């Protein structure tokens, strides 16, 4: 039976069977009932077959329609013949879950061919608001009205729909400038030739003031519709050196009114410096005629390109508001250029800089935090004494926690550092655990007993310390009601069809859009429905959107369990551990890809996958294999078995190596020197990501043991607890 047919049955109104006691029917009545039931079953099967055939036909027609329109988009031409075929195909798609996608494909093709009417656009926006919002269709009239030079209509539209791009903001500025210029009969060329000032009006002065603020990167006061460029497009200046040409007219007039002053140029240069807008800074330099300003911009540009020149800037530039902002912006980058084991580390030089530039106490504090963070592990004894003294004054939780981890792997007293934590820091499960370890046994057990009632790694570790089973509450989820199934039938069927076509990214977008319009309980019910359809990644995403951290069965679906079992035959890796790795790596998204190019359920690097396949006589033909769940599981579980050979039955080290690599694990073990207990080693893993990774994987493993009904459950293996790291 089709998965889609099952979905249709789930979404349809269920049959309700009455169970009231009735008189015993005669044999003849029973025979008639049997015949009627057989007829009903036959009719039901025929209806299902027809539904399947209709869905197949619609799917094929949708793909044909989509193909025609994509080709038309590329050609920027939609011929009458193709349009006629598309319309015929459209007629067959009524009731198809992706009907709106077909409509959108047609609108896109018409936009590219420049034949979409305003009426058609507004009708589509009204009918499909999610698609319109996702693709910013409401922004299109800005371009259309601007090209048609309908200035008044453009301004009126801008008051009802916010311009969400710098380009459209410039179109609004240009439209109002054009209207006012016509009223004032402005002729810039004639004014320049006769060396006369252009006429101005109160309205024009207000407009120029707003543009002035816009040009500088500030939100215009009392604005009708203008926003600063970094608000409408945060990354605009990272890829653009100047405002769009649509702003050229008003910008030229604004400049001719002598409103482009050196002070404003400096202010904009500082903004560009903060935004790392190198092209924008370069353009300011080329457009500036003032020699003194050119010299300053050249120095600023050199500093932006090379933070190492900060010392030269500090020693040679005067104390001004602009220069101080630049110094504050570049200092963290300067600090990161320092060697972590630089000779004779001292903050004295930076204190001199701070005095010269009149830094506030908070600004000096930020500098000290940055400096200490960079050189935290420096071996110089004098620096270490100064660092520890400063930590007690700064009371910055991020540095205090780092010092706590150092104390843990050094096995020194934790109490002075625990006392420095903020109340928020002290309430973290991790530091409550370590606080308990500093207490007398009776008090320690009370704290651990309270902690063991919570959810997470340290509560589980507390239970282990108390030598008791770790129990975690798993609240249940109410299923979708018939009304809810009816209410969300269309979006759920659309998601199902997108997944059938392997359009996982689109399906996830549609899923998130649905989750955003429902309340907490409804999010849970919909996520439970996703789990029933084997949409494992969407069920997990549902708990993330709902922040439903206590709903462990939804957070940890029993995904691909049969395939894990097959691939783990004969391997010394438990199924719950392998599944915990996959859950942590990809949240069960088979198409997940990391910034490091790890791919698929178990986030295999192509190089690791290739080596694993070669070393174990498995098949690997390229990256596409890693998107296939079965092959990804095959290679991922085999790699876990390889790591188990190096670290037998030690999930702490296996997970660390899976995440950070065996070479780093070797270094961490060398630093530990065979002195540390398991909890001490985990807490002293220097990478935040790896530390959290290990804790999550071990916890998920135990949760999966609970969910899968494993009889002999273990929170930790003897090889993990008994080892000295």
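A short reminder: the numbers here are calculations on the coordinates, not readings from a lab. Just so it is clear, the model here is predicted, and its values are computed rather than measured. Here the Cβ positions follow ideal geometry from the backbone for every residue, glycine too, while neighbour counts run over all protein chains shown.
One Cα centroid belongs to the stretch 446-510, the other to the stretch 330-401; the line between them spans 43 Å.
Roughly how many whole Å is it from the C-alpha centroid of the stretch 657-676 to that of the stretch 526-595? Between the Cα centre of the stretch 657-676 and that of the stretch 526-595, the gap is 28 Å. Label-to-label distance, residue 687 versus residue 429, with points set 7 angstrom from Cα along the beta-carbon direction: 2.3 nm. Would you please give the FRET efficiency between residue 595 and residue 623, computed as 1/(1 + (r/R0)^6) with r the Cβ-Cβ distance and R0 = 22 Å, to the nearest 0.05? For R0 = 22 Å, the calculated efficiency reads 0.90. Among 388, 355, the ranking by other beta carbons within 10 Å of each residue's beta carbon, starting with the fewest, stands as 355, 388. Taking all C-alpha pairs of the stretch 395-465, those more than 21 Å from each other amount to 23 percent. Over the stretch 515-648, Cα pairs under 8 Å with separation of 6+ residues give a relative contact order of 19 percent.
Length gained on full extension, residue 505 to residue 443: 17.2 nm, using 0.36 nm per residue less the C-alpha separation. Approximating the spin labels as points 7 Å out from Cα along Cα→Cβ, the residue 64-to-residue 258 distance works out to 7.2 nm. Each of 586, 412 has some number of other Cβ atoms within 10 Å of its Cβ, and from fewest to most they run 412, 586. Each Cα pair under 8 Å and six or more residues apart adds its sequence gap; the mean of these over the residue count of the chain is a relative contact order of 8 percent.
Here residue 351 and residue 79 are evaluated by their C-beta separation; at R0 = 60 Å the FRET efficiency comes out at 0.20. Full extension of the chain between residue 295 and residue 415 gives 37.7 nm of extra length, using 0.36 nm per residue less the Cα-Cα distance.
Could you give the length gained by full extension between residue 37 and residue 569, i.e. 0.36 nm per residue of separation minus their alpha carbon distance, to one decimal place?
Result: 187.0 nm gained on full extension.
Using R0 = 35 Å, the C-beta based FRET efficiency linking residue 315 and residue 287 works out to 0.75. Model label points for residue 341 and residue 382, set 7 angstrom from Cα along the Cα-to-Cβ axis, are 1.9 nm apart. Which parts of the stretch 694-722 would a label at residue 649 reach, counting a residue when its backbone N lies under 11 Å from a point 7 Å out along Cα-to-Cβ? Those under the cut-off are 717-722.
Each Cα pair under 8 Å and six or more residues apart adds its separation to the average, and for the stretch 395-465 the resulting relative contact order is 22 percent. Calculated [222 nm] ellipticity per residue, helices only, for the chain: -20500 deg cm²/dmol; basis is -39500 (n - 2.57) per DSSP H run with n ≥ 4, divided by all residues, nearest 500. Neighbour counts of other Cβ atoms within 10 Å put 349, 83 in the fewest-to-most order 349, 83.
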